Every structure is written in C-alpha cells, then in structure tokens.
Amino acid sequence: MPRGPTRDKRRTYKSKDQKGFPLSSKDKGIPKHTLEGKSDLSGSSEEEGSEGVVQADFVFFDPKPDDFHGVKILLQTYLDDTQWDLSGFVDLILAQTTVGTVVKMEGDDDDTPFSIVTALNLGRYKDHKCIKELKEFLLKVCQEKDVIRDLRLLMGEQAHDVGLLVSQRVVNLPPQLLPPLHDALFDEVSWATEDEVR
C-alpha cells in the first residue's frame with residue numbers, strides 16, 4: 001500500500017518576503033522555501049548602514065548518523081542545564097529514520113541542522129537511560145499534584161500510547177517552516193503506525 005506522496009524528504013521550502021508576497025515556486029517538482037529579509041550590514045548606525053537581502057533555501061531530510069553533533073548542539077538545553085544522557089537521546093532520534101525530519105540549509109558546506117522534529121514512543125524506549133532520566137526530570141519540575149499523577153500514568157501504564165514530541169530549532173528559523181514540518185511529522189507517525197499494524 002503506498003504511503004502517500006513520497007518518503008523522500010529532500011524538499012525545499014520558500015517563505016514570504018517582508019511585504020507578504022508569496023515566493024513559492026516549483027523547481028523540478030520540489031516546493032521551495034526561501035527566507036528573504038533585509039539585514040543591516042554595517043551594524044553601527046542607521047545613517048551608515050546599508051541594506052542587503054538575505055536568502056536561504058531550507059531542505060528537509062530524514063535523520064541520519066552524520067547529523068549527530070548538529071542535533072546534539074540543538075538539544076543541549078532540552079532539559080535545561082540538567083546532566084543526562086543526551087548522547088543516548090540523540091542516538092534514539094537518529095536511529096528512528098521513519099519518523100522525524102532534520103532541516104538544513106541548501107548548499108551549506110557544514111551540513112548543519114537548523115531544526116529537528118520527531119516523536120518518540122515512550123513505551124517502546126522506556127528501558128533506555130535517556131528516557132528514564134527525561135521522565136524523572138518531568139516529574140521533578142512539575143509543581144501540580146494532579147498533573148504529576150497524570151504524568152505518572154501517561155509515562156507508566158499508558159506509555160505505549162504516548163509520543164514525546166521533540167521539536168527544537170535555531171531561534172531565527174522562519175516560522176513558516178513549522179506547519180510543513182508538523183504536517184510531515186503527523187504523516188510519518190501515521191505511516192509508521194500503519195506499517196506496524198501489518
């Protein structure tokens with residue numbers, strides 16, 4: 001049974017410019033997403049400043065092992081300043097290639113991830129050190145007793161029905177990228193669920 005349009009995530013997306021005009025176009029059947037904006041190149045004063053256009057094409061990819069260091073940097077503050085098995089957490093994310101997307105800039109020689117979005121099933125990964133530490137962190141920072149009770153239930157008995165949404169991005173990533181990222185994630189979770197049922 002086909003999974004939908006395509007599983008190849010090498011998609012590029014184009015956003016709107018500052019005037020709100022859509023910049024989207026088709027290039028070889030791939031929708032483009034470009035960030036265009038003005039930047040002050042001098043950084044000193046408005047009178048001396050010159051304006052330029054910043055343009056960047058962002059591309060969606062399946063997570064792969066080469067993304068380890070970039071994704072780890074993105075997730076450094078995921079649990080505030082807590083010491084935990086972040087490397088193990090990143091390994092889980094990158095090993096799960098059927099669900100998850102890494103956003104990179106097209107033509108970037110560093111191949112640096114600018115965003116990661118995925119969902120991890122808490123029941124499937126319950127025995128991993130990083131997931132145990134994440135659960136402990138959530139229970140520790142939660143202040144409301146009713147919520148703590150619900151959290152214990154969701155992370156315990158009902159864990160097989162719970163997905164942890166992992167969504168991290170650099171601060172200045174265009175917000176227009178988020179809807180297609182989340183849409184792709186919901187599609188992938190649906191496809192992965194269908195594949196497991198078969």
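The values are calculated or read from the model by the stated rules, or taken from the named source; none is laboratory data. Owing to the predicted nature of the structure, the values given are computational and were not obtained by experimental measurement. Here the Cβ positions follow ideal geometry from the backbone for every residue, glycine too, while neighbour counts run over all protein chains shown. Only protein heavy atoms, including side chains, enter the accessible area calculation; ligands, DNA and RNA are left aside. Shrake-Rupley method; radii C 1.70, N 1.55, O 1.52, S 1.80 Å.
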Neighbours by Cβ (under 9 Å, 6+ apart or cross-chain): first from segment 176-190, without any contact (Cβ under 8 Å) to a residue 60 or more places away in the chain and aliphatic (A, V, I, L, M); second open to solvent by 60 Å² or more (accessible area, probe 1.4 Å) and not in a helix (DSSP H, G or I): Leu178/Arg169
Residues of segment 91-109 that turn out to be exposed (fewer than 15 other Cβ atoms within 10 Å of the Cβ), more than 13 Å from Leu120 (Cα to Cα) and of a type outside the set (D, E, K, R), as a count: 1
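Each row is one residue, and each column tells you yes or no for (1) of a type in the set (Lys, Arg); (2) in contact with a Gly (Cβ under 7 Å, 6 or more places away or on another chain); (3) loosely packed, with under 14 Cβ neighbours inside 10 Å; (4) farther than 30 Å from Pro174 by Cα.
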| site | (1), (2), (3), (4) |
| --- | --- |
| Phe114 | no, no, no, no |
| Val117 | no, yes, no, no |
| Leu120 | no, yes, no, no |
| Arg124 | yes, no, no, yes |
| Lys129 | yes, yes, yes, yes |
| Glu136 | no, no, no, yes |
| Cys142 | no, no, no, yes |
| Val147 | no, no, yes, yes |
Long-range neighbours under 9 Å by Cβ, at least six apart or interchain, first residue of a type in the set (S, T, N, Q) within segment 143-172, second assigned to a helix (DSSP H, G or I): Ser167/Leu178; Ser167/Leu181; Ser167/His182; Ser167/Leu185; Gln168/Val71; Gln168/Leu74
Helices (runs of 4 or more DSSP H) within segment 87-198 that include 1 or more residues under 17 Å from Phe61 (Cα atoms): 178-197
